[in-house]
1. Hey, among the residues in the stretch 79-113 that are open to solvent by less than 40 Å² (accessible area, probe 1.4 Å) and assigned to a loop (DSSP other than H, G, I, E, B), which one's nearest to T49 (Cα to Cα)?
2. Filter the stretch 11-37 for residues that are in contact with a helix residue (DSSP H, G or I) (Cβ under 6 Å, 6 or more places away or on another chain) and open to solvent by 10 Å² or more (accessible area, probe 1.4 Å); which is nearest to Q162 (Cα to Cα)?
3. (1) over 25 Å from A21 (Cβ atoms); (2) open to solvent by 50 Å² or more (accessible area, probe 1.4 Å): which one isn't true of D55, the others all being true?
4. Of the numbered conditions (1) without any contact (Cβ under 8 Å) to a residue 24 or more places away in the chain; (2) within 22 Å of P126 (Cα to Cα); (3) not aromatic (F, W, Y), R177 satisfies every one except a single condition; which is it?
5. Would you check if there is a residue in the stretch 141-162 being open to solvent by less than 60 Å² (accessible area, probe 1.4 Å), assigned to a helix (DSSP H, G or I) and either within 23 Å of Y79 (Cα to Cα) or in contact (Cβ under 8 Å) with a residue 12 or more places away in the chain (or both)?
6. Among the residues of the stretch 214-269 satisfying the criterion of being charged (D, E, K, R) and within 20 Å of G24 (Cα to Cα), which is least open to solvent (accessible area, probe 1.4 Å)?
Amino acid sequence: MEPVRAVLIDIDGVLTVSWKALPGAVEALRHIRASGPAISLITNTTSRTRASIADALAAEGFPVDAEDILTAPAVTAAYLGEHFPGARCSLLNSGDIREDLAGVSLIDDDDRDTVPDVVVVGGAGPEFDHASLNRVFGHLQQGARLVAMHRNLYWRTDQGLQLDTGAYLLGLERAARTEAEITGKPAPAFFETALGRLGARPGEALMVGDDIESDVLAAQRTGITGVLVRTGKYLPETHRAASGTPDHVLDSFADLPALLDRLSSAGAR
């Protein structure tokens, strides 16, 4: 590959679990920032705004601010503005992310009369009850388009693996006979947006993630070098059953500086 100019990093399961830093992650990110490559933290997290994520990471000692973070909600706002300008949107999400959906016309949660043009589905949580999912199903039957920020099946917390949006999205798609338009990872546009912000080409970038399909192999399909870490949601059986092979596999993000040093040395020969 070309010299590494950009490192794209997933957050949940790579740097943190339940917003607590994983061992060695803070030191590794500090080393990478000091050594030169530009970084972007790209995440499908939909429970917090970019500013809130930056505050949580800074509290753990990570050298980041909101400008370093690209979230699925922020990319979704841009997608809706481009493809559905002026659309009335209904949002089903766990957490308040309206700050990152600037420019999107959102229907009030208590408005039961307006039929939305687009149903936007974010991260799963207690809000994904039968009444809410059935209301989304009704909107889809009336012609609303379905946009989902991701289709992750689960994520890891300090309480273990928890169901995520993908488990519900599959049922909605089958029941309504439609297919969601995905805006977050593994959508190629998500990675391209991150690279564009850093001014890097795919061959100059690494993507580090704990989700082999949505983080690593999806990035590799866009020409980015993929690095899988054995933390977070990583499971050996998922790794064995994956649709492809990661370019690199590390025990944790703490091992990334050493990999970057090896790649730099190899490129200098």
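1. If we take residues in the stretch 79-113 being open to solvent by less than 40 Å² (accessible area, probe 1.4 Å) and assigned to a loop (DSSP other than H, G, I, E, B), then I97 is nearest to T49 (Cα to Cα).
2. Taking the candidates together, the pick is W19.
3. (1)
4. For R177, the exception is condition (2).
5. Within the stretch 141-162, not a single residue is open to solvent by less than 60 Å² (accessible area, probe 1.4 Å), assigned to a helix (DSSP H, G or I) and either within 23 Å of Y79 (Cα to Cα) or in contact (Cβ under 8 Å) with a residue 12 or more places away in the chain (or both).
6. K233
The values are calculated or read from the model by the stated rules, or taken from the named source; none is laboratory data. Please read all numbers here as calculations on a predicted model, not as lab measurements. Counting neighbours? That spans all protein chains shown, and the Cβs are built from the backbone with ideal geometry, glycine included. Side chains are part of the model used for accessible areas, which takes the heavy atoms of the whole protein and leaves out ligands, DNA and RNA. Shrake-Rupley method; radii C 1.70, N 1.55, O 1.52, S 1.80 Å.
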